[in-house]
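The next block holds one structure in the form of structure tokens; read it before the comments.
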């Protein structure tokens, strides 16, 4: 039996990342520049939650930008 070709479909794409899902192999392909990571759907789900938590912690530590003052 021949292995089926991986045919990922793009879920999201921006200037910094591309996220694709392949229903054939049930893997998520995460591409950032020249780096592509393939991970299971479950691993991608957990990875996404961890990135979100990390971003929340990062943004809470970064000093807030000075607010703009409105002149009236």
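Just so you know, the Rg over Rh for the stretch 9-58 is 0.99, from Cα atoms, with Rh as the Kirkwood radius. Between residue 40 and residue 52, the simple spin-label model (points 7 angstrom out along Cα→Cβ) gives 2.1 nm. Subtracting the Cα-Cα distance of residue 32 and residue 17 from their residue separation scaled by 0.36 nm leaves 4.9 nm.
Coordinate-derived values only; no laboratory data. Just so you know, these numbers come straight off a predicted model, no measurement behind them. Note that we place each Cβ from the backbone using ideal geometry, even for glycine, and neighbour counts take in every protein chain shown.
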